[in-house]
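One structure below.
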Amino acid sequence: MATFVIKASKFLLPGAVQRGGYLTIQDGVFGCWTAEAPDGMPVVDCSGKWVAPGFVDTHIHGFHNHATDDCDADGINASSEALLRHGTTSWLPTTFTDSAERIEAACASIAAADESRGAGFVGARIQGIYLEGPFFTAAHVGAQNPAYLSDPNYELFSCWQEAAGGRIRKTALAPERDGSEAYCARVRAEGAVACIGHTDATFDQVLAAVNAGATCFVHTYNGMRGLHHREPGVVGAAMATRETYAELICDGYHVNPGAIRAMVNAKGWDHVALITDCLGPGGMPEGNYMSGGLPVVMRGGACYLVNGGNLAGSTATLAKVVKNVYDWDVVSAEQALRMATEVPARSAGIDGACGLILPSRPADFNVLNADLTLEATYLGGALVE
């Protein structure tokens, strides 16, 4: 296992950014930061660069022409391998609105992929599963399959959780559907995060779900009732509920930088989680693909529904998203990096496993240039080639 110290200009540590100094990597796990180099250990010199936790993508359907709805464990692992080469060291494979049987199969395949990994596997770590649907409204169905929309159903969730081997960490719903409050309360009691999205709910309906335990908004602004001064809607509720988290797709297509800035100003950067919502075609050439059972075309950096032409999802990586919000002067470099590491990890309840540089944790980290372009990625202290 790798043992060395890394020298850098800035280290993104939990308490603060440490300028200069050295971070020990001991047998593939993080040691401590020190101002002086420890004696007798090789030094990896990253002067002029950032060292930050590996990116954590908590809303992503697949990558490199593989997706969760393929129900293919090998495909999930292939996505993990490709994501790692773009700086994402942890992810939550995200399902689509589909039949109950297909969602169960997708959960089982993700669990099988996770269980199949031996010590030599080099790919982004699966930190859980995100159920995006099927408990949504037709009014904001987006690129979800409308044939399978239904009311929240805890018995179905329990069945999917069993197939997942207990890995489900997030589950999304539209609060106006019958049974939403009871569902939020029950899944939260079991340690899963209830999320609000693909919804035409009123402000009061969203507050009822938040009061029942929902804590996260699905790709905020997209697929939800917007802000109006007499009916604040879902976007208004996201802005007004300070302790909830807002996912944002900052790929340059889904949300205008001004709207991103408004959300960050309303909630604080520490409650805005950068996500990609990347579809299976991510990392592939432009062309026609299937996603979530629907035909899409990838062009110009995003995916669009073939029928209707609406945005279907992103093809971005978190490395690109982080650089975007920094280049747009929405947040500082430190904030951009935290919004793609510790904030999404905290929003999904997986910060005990990833998103932070802490002693004894696997040394999954990125080295970035001053302009936040990705320079190198390490998994378990080993450089990803």
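The values are calculated or read from the model by the stated rules, or taken from the named source; none is laboratory data. This is a predicted model, so every value here is computed, not measured. With ideal geometry, Cβ positions are generated from the backbone for all residues, glycine too; neighbour counts draw on all protein chains shown.
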One residue from L173, L156 being in the same structural domain as T220 (by TED's automatic domain parsing), free of Cβ contacts under 8 Å to residues at least 60 places away in the same chain, out of contact with any strand residue (DSSP E or B) (no Cβ under 6 Å at 6 or more places or on another chain) and closer than 23 Å to I196 by Cβ: L156
Please give the strands (runs of 3 or more DSSP E) falling wholly within region 255-299 in which 2 or more residues are of a type outside the set (F, W, Y) and under 20 Å from V322 (Cα atoms). 272-275
Is it the case, given these coordinates, that G309 is over 22 Å from H86 (Cβ atoms), in the same structural domain as A73 (by TED's automatic domain parsing) and not acidic (D, E)? yes
Answer with yes or no whether G142 is more than 12 Å from T97 (Cα to Cα) and part of a loop (DSSP other than H, G, I, E, B). no
Counted residues in region 211-234 being surrounded by 22 or more Cβ atoms within 10 Å (Cβ to Cβ) and not in a loop (DSSP other than H, G, I, E, B) come to 4
Just one listed residue, out of T317, T341, is touching a Gly at 6+ places or on another chain (Cβ under 6 Å), crowded, with 21+ Cβ neighbours inside 10 Å and either in contact (Cβ under 8 Å) with a residue 40 or more places away in the chain or more than 24 Å from Q18 (Cβ to Cβ) (or both), and it is T341
Can you pull out the residues in region 333-349 that are over 11 Å from the mean Cα position of the chain (by Cα) and either more than 20 Å from K267 (Cβ to Cβ) or of a type in the set (V, I, T) (or both)? none
Quick check, is C303 at pLDDT 95 or above, buried (at least 21 other Cβ atoms within 10 Å of the Cβ) and in contact with a strand residue (DSSP E or B) (Cβ under 8 Å, 6 or more places away or on another chain)? no
Extreme residue, farthest from A316 (Cα to Cα), among residues of region 270-289 that are hydrophobic (A, V, I, L, M, F, W, C) and either touching a Pro at 6+ places or on another chain (Cβ under 9 Å) or surrounded by 20 or more Cβ atoms within 10 Å (Cβ to Cβ) (or both): V272
Looking only at region 235-269, count every residue that is crowded, with 17+ Cβ neighbours inside 10 Å and of a type in the set (S, T, N, Q) and tell me the total. 2
Among the residues of region 44-81, the number that are aliphatic (A, V, I, L, M) and either at pLDDT below 95 or under 19 Å from I129 (Cβ atoms) (or both) is 6
Some residue of region 197-210 being closer than 16 Å to A348 by Cα and not in a helix (DSSP H, G or I): yes
